[in-house]
Structure formats: structure tokens, C-alpha cells
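Comments concern the structure below.
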Amino acid sequence: MRILIAEDDYVSRKFLFKLLSQYGECDVTVDGMEAIEVFLMSLEDQNYYELVCLDIMMPEVDGIKVLKTMRKLEDERKIVQEKRAKIIMTTALNQTDEVMESFDAGSEGYAVKPIDTDKFMTVLEKLGFHRLNK
Amino acid sequence: MNSKLPLILYSFSRDNHLPKDLEKHIDQMGFKVVSKHYTFQAWLDLEDDTKVALIKGHVGACVAILILGIPSMDIINALGIVNCVKYILVNRSQLSEMIVAMDEGSSVQTFYKETHIFYDNQETLLFKNLEGLYKHYMHDPLQIYRPEIETGTETGIGIGTGTETETDEWLLDQDFMVNTLGALGDGVIVSDFSGRIQYINQAARVICTYYAPTNKTSFEDLFHILSPIHHYTEIFIPDRVYKEQKNFGLSRDTMLLDQDGKMKYISASVSPLVVGKKGLMGFVVAFRDVSRLREAEKRLHLYSEAIRQSLESLVITDSEFKVLSANLKFVETFKCNRDKLIGSSIFELASLSDALKTDEIRRDLLEHTAVRRQITIEVEDKKLHFRLMVNAILEGEVIYYLMTFVDFTKQRDAEIQLQRERENLQTIFEGLPLGVLILDQDRKIVRANKSIDLMFDIKSETIIGKGQGNALHCVKLADPHDLCRNQGSCVGCRIDQLVDRALVYNQGITGEDIEMSVFTKTGSVEKKWFRVSVVPFDFEGVRAVMMVLEDITETKAIANNLIENEMRLRLITDNMIDTVTQINLKSEIIYASPSHWNLLGYTPDSLIGTSLFDFIHPDDRERTMERMKRRLSTHENFVTELRMMRKDGTYIWLEAIGNVLVNARGEISIVYVSRDVTIKRQALDEMQLAKDAAEAANKAKSEFLANMSHEIRTPMNGIIGMTNLTLMTELNMDQRENLVLVKSSAENLLKIINSILDFSKIEAGKIILESHPFNLRQTLNKALNPFKIEAKQKGLDFDVEVDSQITPVIKGDSNRLIQVVNNLVGNALKFTHKGGITLRVTKIGVKHDTSFIRFEVIDTGIGIAKEHHHKLFESFSQVDGSMTRRYGGTGLGLTITKQLIEIQGGKIDFTSALGQGTTFIFEIPFQEVDQYVQIAESTPNVPKAHRKLRVLLVEDDLVNQTLAIRLLEKQGHDITLAQNGHEALQVVGTQEFDIVLMDIQMPLMDGIEATSQIRNLVQYKHLPIVALTAHAIKGDQERFLGAGMDGYISKPIQIDQFFSVINELTSEVLSVQQLVDQVSEGDMVEALTLDEFDEYIEELKIQIDKLLEVVKLLRYQQAEEIGHFIKNLATTAGDKEIKKRAMRLEMTARKESPAQLLSSYEELKQAVVALERGRS
């Protein structure tokens, strides 16, 4: 299982990487643009990401825009529903507007920083992701 | 004079008194006194025979007898002369009456009736009467004389017939005839037709004044007549006689020219003369001089006319007051019928019956010869006033009365009017509120009115005859006890001077204010001011002076006060530091105090007439003007601060107090008192600045904190996350315990940070309230579950009671509500160690569709001491410092709670007792959502639009138009409708749109054509255009997209699809599209030149070498950097393969896995090598 993380903060990136590495192979990007590029690359290689974690507050291209672009890229390529990525937004802002927008734009989940590890893992369970047996 | 009529005069006056010049007058009247007899007694003494003989002796020698002093006709009758003389003139009762009798067959009585009575005690009247009589009887001389002449003529004929002699001198031989004719009073001329005169008697000679022998003249020369009928041409009598052969009379006005050349009226008749056998021999003219009669007649006529037309009402009655005649005026005045009047008693006349009493008149007439009285008669509702005179006229034994009514109504009215005016003037004079004195030439008071009494406290009647100074108790100014020493002695007395002017120079003066000191009854001296007018005028025909005095002492005092006040105020305004400015309603300055110079640098004069607003700072003008206007309507004072321009152009701050001033004429002005408050203002401004700065700083701090949220949470994320991760690994007991502490500390820190951030957000106004429907019960349960667990763990009861009356779904901000509930319940749990906690929710009221819901959080905890109640909701305060240590918390919880409740429109309060527990009560209004709306809201049909869109709908079908418009309106978009492609193009050219919904099949221009044309317009390259189409066949979509459309909506419209397509294309569509374009732009990069390619390869090789070093040393970060660099390099070169591998390397470097990094490196290196190989 392939996971894509987009997060500009090093510690948060590291945390997510470590946490999500328990679930699968994680690729880490440091800004929105890079995330899109990597995502596109995966589509082109047909090596799809199952899970994408996007930080909303990122410089240049913010998470919401990245989310929309990813969904558009998937649309354009007519990726079937099962192969489309599950996208979870993360943010330090606890603002309903953004939560609503991200859901409208096609995200599957939302996590407020600092991330409540237990809660986050519950959400992942619900989305059908399971920790790898170690 | 031969022509005079002989008259015998008898006087019966007792004193033998005869009027002066009687005889002369008689002579003038044409009579000649032939005999005089004086005294009645003398006459009576005569024997009757003697009397008769005496009178008869005169018969033939006289025509008139004038009898003076005879009262009764009886005496005249007794005289036996009536048949003997032609006239008897009787004077009765001291020349008061004349009676004329005539002898010619008519009785005295007859004559008597026709006599007009004139009476007057003046002797001259006698002569007038004589004249009148003369006239009267000359009125118709022919009538008087004709019978005699006719008789004479007949006689003549008779004579002729009776004497049949044949002598030539047939006439003259007969002595009898001659004697007879000679004795006649009338002239007789006998002539033949040749004009030879046969005979002239003595009378004819007298009339014609011809005394020469008969044969010396001809008939024509002698009887020279003029006839008025023939225009005074001569009439040839002989011819007429010859022709007519009968008697005829000459016309009435025939005149004869006598030998002296005098014209005389004559009465003449001509008879043919037939002498026996000789037949018609000639003619006889008998005539008499009637000149005097004619004159008298004329005069009489005039008198009669005068009476008839007299302006006085005249009536003549008999002795019984039966009206005999009345003149025109009488008839008119008394409005009576003349016919009825004649013969009826004057006293029976309706209008006179009351005013005239028969008895009184009769009685008076017995005592006096004439009655005079004033009577008032009402004629046709008008009161007329008459002077009535009744005179008795005695005609023999018969008495007549002449009544004369002289109307003096107008005169009387005028008199009454005059009397009234006089009374009015008197009333005015007395009632005048001004004192009036009238001084005569000697400056003594002759009249004074009542006002003088009041004004000077004197009795006006006591001052008559005094000089005005003394009268009015004027005190000489120099010495209060020295009374005015009479007129003129006071040197420089102004009143005196004025009186002088009036008296001497006849000049008046009006309204001069003069001060007088007046000695009052109480002995004190009062100074009084008078407005004095002195006017010269005629007082009862003598030059006098009217002095009018008006007491203006009070007015003067008021005026003086006013002047004094004015001066005082002037003094104040002129010397004050503050400025006083008065402006009119046009804002023009009408007064400016001198202080303007000091304060603003303007001289007051230069300000007058200028507009106040010209000096006010432009920023303050409108405000000041507005304030001024508003206060004008209320007339209240107002205070304002404004900047005024000094003369040097700088502005100073003034505090101005404006007063609305309304003067006596109703003119409104505004008076400003202004004070320099520049220093105060500067201080205020500085304070304001400081305050603003402080507030801004506070806000900036809050904003900073709010914005810090992200920055603070991010490291917390790391701390908590990493701790959790580590706790997932295998650890020894110590390590685990340590980490658990780290975790709990971090969580506490997070709570504190959250509180501070929340608080800051509220402070910064960054909380945005939301409103969405939610199920209250469910929401509460969900939120309270963790607390229930916690309560259970603590061994506490936890109850939630929700009022069943509350509608399940309400609208509001559920998140904020939960935050509040969490806070309060959390607190309750924290401070409660036994007992329990209850959350009670009740509906307390509904207003319109808003229900007020009360939440009570009741605990049985430690409670709050009374002394701490007041600071419970304050920021950063906890009841007790030790609390924090014991219970934790920031002390912001309740503050935030309170503020959250308040921004939701609610309020919070609490009750608490130490050791017994606390109850927090808050109320928040929520909108009630009814069942229908709840369903509607729950349907996902109309999602919320991100923003308001300007939509161009191009659609020709009405049904589709309507549906599309309805749906778009639900999202609140602006819709412009075009019926076809043409219209769409036109509209697009003039308006901007966010999206176009384009029908494909349309008349004129279809959707695909329209779209490509729109795309040709440069500015619409990225305008989203959505196809609306029923073409659901696969492949159509490509056709639409190929034509430049961005999406399509199939018909019939599926609501979900409709909105999602629009939403997709309008929400950040451009940037997302750009991003998509950007990530695939590598394809579009132009091919590199060979040199460039070589360069690129070289650079890659260098980087690969560098990378190798880094990878060997496992320097992940550097490896990532180099990977990134290579990626960018490849992107620029359009080398997708290298870019991909560089990216992989970048990512594996981040994973910090040595094996993966190495493999990524190898892949990249291989690619570079392959590339290099490919080149060569």
C-alpha cells in the first residue's frame, strides 16, 4: 500500500511518516506543487496511492487546491473509484469552513493538529487501512 | 305829466302818520295825488251828503282813491264810493294791508278774494304792494277796458244811427258828442280813409302827445303803431277797416309811438264810421295807454311765479284753516295730493295733524298778528323740522291765513352733528392718555385734561389761570425747594422756550424728551421724563398753545437700563479672552468681539458680513452646519468643537457654545462664544492616539495569538505525536513512565494554549458565528458521553434532562454551544467530588420563530465563596491561586464561556454557595426549524454555493429555461438569459460572467458555434462554458470538449449533476486547471540544442557525482537537496525520465532509509548514463 504525505513542517512530516509507515510505504513531499507532481507521476505509472495526507496550510499551493487538482487529475484519467486515493486533510486550524470545503472538494477525512494519535488511527481503521503486522 | 292817473288820498291814521315820500312813490307808480284828506275823524265829522258830494266831485277827475288806516270794508262801503272810482287803495292797520277795489261793475268782495296779501311792517312794503297791485290789475288791461270801449263803440254807432243829419260837419256840430267824447278817459280819433283826421279828443292828444291843431297832422303820423304780431311793423289801419268794414281790436301787445318818440302799450279798437246816407265815411279809433298796467301786470306775474316756485312751502287757508291754495313746494314736501288738499283743513293733513294744534294756533293768532313756531313732522319716516309762520291776511271782514313752512332739517342735523363732534372732542380731550394743557397768549392755562390730574397728582380745575411751571409743581433743578417762578423766569427752561417758539414764531415741536423735577404732594421731588409736544393753535379765535405731555419716565428708565446693560455687556465682550461671534441665518457674521484679534488675528470689522463657514476647517464645516441646523429647530444651546483658521492660515481648535437668539422682530441669529481649546484638543488627540495605539497593540496581540494557532499547534503536534509513537514501541518501565508524564504535560499545555487561543480569537473578533440546523438532544448526548464516563469513574451521578417541548431540530452554532457545555460541565466535574451533576435544558419562551433555551449546569461541588463571585467571569482569574495548582486550567474558561454565550445572543449567570455546589444558568436563542424545513434542509438537492456567480444561460426552450433559472436562483446566483447564440455573443461582449450554460441545439446559432466564437475572444479563454444537451450518446462529450467547452450537463437535468458540474467548474477551476497544466508542462518544453544538451548532461554528471558522496555518507538532507536540484534541472530541460527519478530520490532521501536511497541513486545514475549513451 502506497501513502503520500504532503507536509511542510519537518517534525509533523516526520511524525506522519513514522505513524503512517506502520500502514504502508510512505512518500513524503514538502509542498503542494511537489505533491501534485508526485501524485501525477503515480497516476501515469499506474502505481496509485491509496492514502494521501494533505496539510492545508502550505506555502504556494495550499492543501485544498492540491486536493482539487488531484481529484481533477483522477477525473481526467478516469480513474475508477476503487483505485482513487483516500485523502485526509490535516491542519492546525480548527475552522469549520475549511473542513466543509475540503469535504466538498472530495476529501475523506480531516484531522486537527496536534493530531490525536488514537483518533487518527480510528479514522484510518474506518477508511479501511490497517497497521501492518510487525 | 298828463299821463298820470289822478288819485285822491285819504288817510285815517290816528296820528296822521304818512310814510315818507309817499307822494313821491305814488307819483312813480303813475298816480297823481289830486286831493288829500287827513284824519278819519275829520272825515267822519263831515255830513254824509257832503262826503258823497266830495267824492262824487272827484269822479271823473280821479281813477283811484288811496285810503290809509281803514280796517274794514264796511267803512269803504259806507263811503259810497265804490261805484265812483276805478281804484280804491286801502291801507289797513299801520300800512299793513292793501285792498283795492274797482268800480267797473265788479263788487269789492270779488276783488277782495283775488287780492294777494303782502304784509310787512316796513313802510317800504307799501310801495311794493302798490306795485304788485298795479301789476295785478294791469295783467289784462283789455279785459278791464274793453267793455267800456265796446260800449263806447256801440254808443258811437247808436249815435250815428240816431242822428240822421245831412250837414258836412256832421260830427262836430253836435256839441253833445264832442262834450261826451271830450270827457272820456280814453283817446278817440276819428279819421276818414284818406287819413284826414276829423276829430281828436283830449285823452288821445295826451296819449299821442299831440297838442297841435287837428288838421296839422295825418292819421298815420298821429297813430303810429307797431304790432308784435306783425313783428312790430306798422299796420295800415284804414285799409283794414275799409276792407273788413267791421269792428276789430288791435292785438294785445300793440305799441304806439307818440310824438315825443316814446313807445307805449296801448289797448285799441277800431270801428268803421257809417254816417247816415253817406255810408262808410271813415273810422273811429278808441284807445288808451296801458303801459303802466302792462308793467304792473308783468311784475305781478313775477311775484305770483315767485310764490309758486318758492323754496318755502306756502299755503293759504281761509279763516277755518281750509286750504285755498298751496304752492308746489308744499305739495312736494308734505307729499299730498293737491286736489284733495284744496278745501280740506290743514290740520287734517296726515303729516301735520300731530304737530299742529288748531286751538294753539288760533289762540296765538288772537294775541299776535303772526304765529311763529318750530314743528317736527314725520314725512314718510323722515323727521323733518320746520319753522312755521302763520300770518293773518284781512280782506275786509274775511280773514285768510298765510302759512309758511321753512324746512331747516339739514341745518338742524348739522347743528346736532356739530354738537356731537364737540362732545366727542371733549371726550377725547379728557380721555386722552396724554396730558394736554392749553395756554393762552399770556401763558396761562386755560384748559387742562384729566390726564394732567393723574400725571401730576393735581386737580386740573385748580390750575386754570396759572403758568404751567407752577401748575405742575415744577421744581427748578438747582434748588429742589424753589418752585418754578412762573413763566420765563427760569433761565433756559426748555418748555418755556418751546412755548415761546409756538407763540411768537408760530412754530410747533413734536415729541421732545424733557426732564422735569416735580414736587409731589408728599413733599418729595421726583424726576420725571416727559415727551413734550407744543403746537400753536387757534383757541376760540385767539392764538394759543397746546402742550401735550407724555410721561416717559418708565420708558426712559428702561431705555437707560438697556443702554447700561448694553454697555456692561460690551465691556465684557470687548475685554474677554473668549470670542463672541453673532451670525445670521445666512451664516454671515453680524457681530464679532474684539477678542477675535487676539485669538484669530482678525479685526472684528473685517469679519462683519463674511461667512462664518469660510473660516471653519473644511472637515468641520458640515458637522458644524448640521449641528447648527438641528439646534435651530429646538432653540437649544449647543456645544461643538471646531477648527478655525487664523489670519496666518493656521488652524486652532475652538470650543464653541452656540445660543439661538430671537430678537423682538422675530429675527433669528446665533451667538457663538468660542474658546481656544487647542491645547486641550492636542492633549485629547494625543490621548486618543495613545488609546488607539494601545487598542491596536492589544488587537495586534490578540490577532497575533490567533494567528499563532498554527505555529503553536505545529510543534505541539510533533511533541504529542512523537510521544505517542514512542509509547507504541517497546520501552522499559522508567522510560514509559517518563513518556506518560511528557504526554500528559503536553496535553495540559495544549489545553492551556487552546484556551488562550480561543480567548485571543474572541478578543480579536475573529469568531465567526455559524447557523445550521442540528438535533439538540443528539448533539448534547454526543458531547456529554466522555463526561458521563468520567463521572462514572469519579463515582458521581450525571443526569441530562431535556425539555420535551423543544423542537428536535434547532438552528444555531452547535459547535459553540458544545464548547460552552463542555466548559461548564468540565468545570462541574472538576470541582465536584461527591453527589452529582445535572444538565437541565428547558425552553423558556418563544418569540416569532426564535425559542429561548435555558441550560442549567447544576453541581454539588465545592462552591464559590461570595467574595469571589464578582470576579468569576474575569480574564485570567481563578477563585484561588492554589486552584490552578490543584485543578489546573488557565482561568480563561469562564471568560471564554461567557463571551461565547454573549456572541450567540445569550447571557449567563450563576448561583453558588461555598461547600454546597454551584449552578450555572445560561440562555441562548435558537431558531426553531419546523418539520418541513427540516426535511428540505436534510435533502442534499441544493448544496451551498461557494460564491455568488454571474451566470449566462443560453437556452431557447422555455421549460428548461425555467428549471435552470429556478435551480440557479436557489443558490443565489445572478442570471442573465440569452435566447440563442447570437444573443449570447452580444451579452458576453458587454458583461462579465463566471460561467456560461449553453444549450447545444438552438436556432440561428447553435451552442458549439457560439462557444468557439466566444473562445476567439481573448478575454474568454478561461470562461467556463458548460454544454446543456440531450445528446447522451458517448462520444458527444469529446465533441463538446473539443469545441472548447469545459463540461456538460445532460438533459433532463439531474439536480446533483447540475450543481456539481457548476461547482466544479467555478470553484478554483482556473488555478486547479493551471496546476494541472503546470505539472504536465514538461511536454511542451522546446527541444534543447545540442550544446545545451551537452551542458545539461555535464551538469547532471557533476550532480550525480556529488550525490554519490552524500549517499555514501548517508547525508539524507543533502541528498534530498541534490535530488531537488536535479529535478528542477530536468524540468527545465523537459526531461521527464530524469525528473521522475530525481523526485524519487528526493522522496527516498526523506525516508532516511539507506537501502532505498542507494537504489534510488542507482536508478538515477542509470538514467543519466542511458541519456549520455543516447546522445553519443
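The values are calculated or read from the model by the stated rules, or taken from the named source; none is laboratory data. What you see is a predicted model, and the numbers here were worked out from it, not measured in a lab. When we count neighbours, we look across all protein chains shown, and the Cβ atoms used for this are built from the backbone with ideal geometry, even at glycine.
Residues that are under 18 Å from B:Val406 (Cβ atoms), among the hydroxyl-bearing types (Ser, Thr, Tyr) and touching a residue at least 60 places away in the same chain (Cβ under 8 Å) within the stretch B:296-355 comprise B:Ser313, B:Thr317, B:Thr333, listed in sequence order. Per this entry, B:Leu1158 is counted among residues that are at pLDDT 90 or above, among the hydrophobic types (A, V, I, L, M, F, W, C), in contact with a helix residue (DSSP H, G or I) (Cβ under 8 Å, 6 or more places away or on another chain) and over 20 Å from B:Leu1088 (Cβ atoms). Going residue by residue through the stretch B:959-974, is there one that turns out to be in contact (Cβ under 8 Å) with a residue 12 or more places away in the chain, surrounded by 17 or more Cβ atoms within 10 Å (Cβ to Cβ) and within 60 Å of the chain's Cα centre (by Cα)? The answer is yes, given that some residue of the stretch B:959-974 is in contact (Cβ under 8 Å) with a residue 12 or more places away in the chain, surrounded by 17 or more Cβ atoms within 10 Å (Cβ to Cβ) and within 60 Å of the chain's Cα centre (by Cα).
Just name the residue that is farthest from B:Glu312 (Cα to Cα) out of those in the stretch B:387-429 that are touching a helix residue (DSSP H, G or I) at 6+ places or on another chain (Cβ under 8 Å) and surrounded by 15 or more Cβ atoms within 10 Å (Cβ to Cβ).
Here is the first cut: in the stretch B:387-429, the residues touching a helix residue (DSSP H, G or I) at 6+ places or on another chain (Cβ under 8 Å) are B:390, B:392, B:395-398, B:401, B:403, B:405, B:407.
Those left that are additionally surrounded by 15 or more Cβ atoms within 10 Å (Cβ to Cβ): B:390, B:392, B:395-396, B:401, B:403, B:405, B:407.
Working: B:Val390: 13, B:Ala392: 18, B:Glu395: 24, B:Gly396: 27, B:Tyr401: 16, B:Met403: 10, B:Phe405: 6, B:Asp407: 7 Å.
Checked the stretch B:387-429; the qualifying residue farthest from B:Glu312 (Cα to Cα) is B:Gly396.
In the set (1) surrounded by fewer than 18 Cβ atoms within 10 Å (Cβ to Cβ); (2) under 19 Å from B:Val1061 (Cα atoms), A:Ile64 fails one condition alone, (1).
Filtering the stretch A:4-16 to residues that are outside any strand (DSSP E or B) and more than 7 Å from every other protein chain (Cβ to nearest Cβ) leaves A:Glu7, A:Asp8, A:Tyr10, A:Arg13, A:Lys14, A:Leu16. Got at least one residue in the stretch B:763-776 being surrounded by 18 or more Cβ atoms within 10 Å (Cβ to Cβ) and among the hydroxyl-bearing types (Ser, Thr, Tyr)? The answer is no, given that none of the residues of the stretch B:763-776 is surrounded by 18 or more Cβ atoms within 10 Å (Cβ to Cβ) and among the hydroxyl-bearing types (Ser, Thr, Tyr).
From the residues in the stretch B:980-1000 that are without any contact (Cβ under 8 Å) to a residue 40 or more places away in the chain and surrounded by fewer than 16 Cβ atoms within 10 Å (Cβ to Cβ), which one is farthest from B:Ala1043 (Cα to Cα)? Filtering first and then ranking leaves B:Thr990.
Cβ separations smaller than 7 Å between residues 6+ apart or across chains give no pair from the stretch B:366-384 residues that are over 17 Å from B:Val406 (Cβ atoms) to residues that are part of a loop (DSSP other than H, G, I, E, B) and modelled with pLDDT of 85 or more. Checking the stretch B:740-748 against the condition returns a match, with at least one residue being charged (D, E, K, R) and either in a helix (DSSP H, G or I) or within 9 Å of chain A (Cβ to nearest Cβ) (or both). Strands (runs of 3 or more DSSP E) fully within the stretch B:227-345 that include at least 1 residues being aromatic (Phe, Trp, Tyr): B:263-275, B:279-289. Looking across the stretch B:574-594, the residues that are crowded, with 20+ Cβ neighbours inside 10 Å and free of Cβ contacts under 8 Å to residues at least 60 places away in the same chain come down to B:Ile589, B:Ala592, B:Ser593. B:Glu540 passes every criterion in (1) touching a strand residue (DSSP E or B) at 6+ places or on another chain (Cβ under 6 Å); (2) under 20 Å from B:Leu439 (Cβ atoms) apart from (1). When the helices (runs of 4 or more DSSP H) confined to the stretch A:20-112 are screened for residues that are within 15 Å of the chain's Cα centre (by Cα), within 10 Å of chain B (Cβ to nearest Cβ) and more than 22 Å from B:Asp1056 (Cα to Cα), those reaching at least 1 such residues are found at A:32-44, A:63-76.
Specify which of the listed residues (B:Arg443, B:Arg447) is buried (at least 16 other Cβ atoms within 10 Å of the Cβ), at negative phi and either in contact (Cβ under 8 Å) with a residue 24 or more places away in the chain or touching a strand residue (DSSP E or B) at 6+ places or on another chain (Cβ under 6 Å) (or both).
Values: B:Arg443 fails: at negative phi.
Only one candidate passes the filter, namely B:Arg447.
Scanning the stretch B:1133-1167 for residues that are surrounded by fewer than 20 Cβ atoms within 10 Å (Cβ to Cβ) and out of contact with any Ser or Thr (no Cβ under 8 Å at 6 or more places or on another chain) yields a total of 13.
Which residue out of B:Asp799, B:Asp849 is of a type in the set (Asp, Glu), at pLDDT 80 or above and more than 26 Å from B:Ile720 (Cα to Cα)?
Among B:Asp799, B:Asp849, only B:Asp799 is of a type in the set (Asp, Glu), at pLDDT 80 or above and more than 26 Å from B:Ile720 (Cα to Cα).
Going through (1) closer than 17 Å to B:Glu588 by Cβ; (2) at pLDDT below 85; (3) buried (at least 17 other Cβ atoms within 10 Å of the Cβ) one by one, B:Glu641 falls short only on (1). All conditions but one from (1) over 11 Å from the mean Cα position of the chain (by Cα); (2) within 11 Å of another protein chain (Cβ to nearest Cβ) apply to A:Met1; the one that does not is (2).
Of all residue pairs spaced 6 or more apart or on separate chains, those with beta-carbon atoms under 6 Å, a first member in the stretch B:711-724 that is more than 7 Å from chain A (Cβ to nearest Cβ) and a second member that is surrounded by fewer than 21 Cβ atoms within 10 Å (Cβ to Cβ) and not hydrophobic (A, V, I, L, M, F, W, C) are B:Thr723/B:Lys743.
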